[in-house]
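K.L.:
Sending over a structure as structure tokens; questions will come in a sec.
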Amino acid sequence: MIDQGKGKRQELHLLHRKLLEITGVLNVESFDSEEFLLQTELGHLTIRGQNLHIKNLNLEQGLVSIEGLVNSLSYLDPGSSSSGKGLLGKLFR
């Protein structure tokens, strides 16, 4: 098991690809019915799917629940901001 950072913790619970619960969320950067971009304690997380919407949001506790059909979860490369392109450059590459 790889520890990405001391004291940083994140859990992802996916139930039947229709309910995703995430802890360790710092901010919701953007979202629509097909894609969410979350800033988490362990990096930026992209969630892609269909008919996605927020069921529950509590940033004080770092909790987000998303409903809809989840097709993929991926973390952006943590070194992306140092490449000069920044986050948007990585997203639209």
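No value in this document is a laboratory result; all are computed from the given coordinates. Quick caveat: nothing in here was measured; it's all calculated off a predicted structure. All Cβ positions, even for glycine, are placed from backbone atoms using ideal geometry, and neighbour counts span all protein chains on display.
K.L.:
Answer with one residue from Val28, Gln39, Gln50: the one whose Cα lies farthest towards the positive end of the charge dipole of region 12-76, charges on Cβ with Lys, Arg +1 and Asp, Glu -1.
P.N.:
About the Cα centre, the residue reaching furthest to the positive side is Gln50.
K.L.:
Share of Cα-Cα pairs in region 12-76 beyond 17 Å, in percent?
P.N.:
Tail of the P(r) past 17 Å holds 28 percent of the pairs.
K.L.:
I've got another one for you. Using unit Cβ charges (K, R positive; D, E negative) and no other charged atoms, how large, in debye to the nearest 20, is the dipole of region 12-76 about its Cα centre?
P.N.:
Dipole size: approximately 240 debye.
K.L.:
Please rank Leu52, Leu15, fewest neighbouring Cβ atoms within 10 Å first, as an exposure proxy.
P.N.:
Exposure proxy ranking, most exposed first: Leu15, Leu52.
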